[in-house]
Amino acid sequence: MASSVGSFIAAATPGNTAYKIGAQDVLEVVVFKVPELTRNVQVADTGTVNLPLLGEVPASGKTAQEFERDLSARLGTTYLRSPQVSVYVREFNSQRVTIEGAVKRPGIYPLRGKNSLIQLIAMAEGLDRDTASENVMVFRTHDGQRMAASFSLDDIREGRADDPAVQNGDVVVVPTSATKVVFSSFLKVTPALAAFRPTAW
């Protein structure tokens, strides 16, 4: 487990935040000039898709670009000469984040590629300005360990702090001014989590 907020910020690099295909996502697979191989398929719970000629092909955990290369290699080995394959994620069903607390639309939101904390707040239509604290909590499970970090939205907006990427399964909590004290106390008595605080409450 990483020992600082860097584990959250590191996810902001393009290689780490490209959307990873997962179970229940719907993909459009297009094979140039071979319309009979072009179709929409849903990723099974096993992480595979069933495609003509190829049968069950593992898709889960790959980006669309990685899956394109995999399908091109498989089709090119036996069936087609220099196949041109494109893969598009048409329905994002496997990766979600939860936002709770003093936002206008709390709920569960799908991740569609790169999403930052500020973008997630915007998806929830912003803060409830009457009650919201400017410090928010992000809870994340990493290698089976529950972690937490607090982030100052003011610092992010004004360029004093990086805007962290949110990841599948994250829970973002926007405290009210009243519950802020509760979260501060929670961090202080939980050393394993307090190590992830980039800002003082």
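Some points to look at:
- Rotationally averaged projected area of the range 96-173 (alpha carbon convex hull; nm²): 5.0
- Whole-Å semi-axes of the range 34-178's equivalent ellipsoid (Cα gyration tensor): 40, 14, 14
- Label separation (A122 vs Y88): 2.3 nm, computed from points 7 Å beyond Cα along the C-beta direction.
- Dipole moment magnitude, nearest 20 debye, the range 41-167 about Cα centre, only Lys, Arg, Asp, Glu C-beta charged: 440
- Whether the range 29-99 is rounded, prolate or oblate, judged on the alpha carbon gyration tensor where a/c under 1.5 counts as rounded: prolate
- Summary value for the range 61-179: 28 percent relative contact order, contacts being C-alpha pairs under 8 angstrom separated by 6+ residues.
- Pairwise label distance in nanometres, R157 with A23, each label 7 Å out on the Cα-Cβ vector: 4.0
- Cα-based Rg / Dmax (Å) for the range 72-126: 18.5, 56
Values in this text are rule-based calculations from the coordinates and carry no lab data. Source: prediction; values computed, not measured. Neighbour counts run over all protein chains shown; Cβ positions are idealised from the backbone, glycine included.
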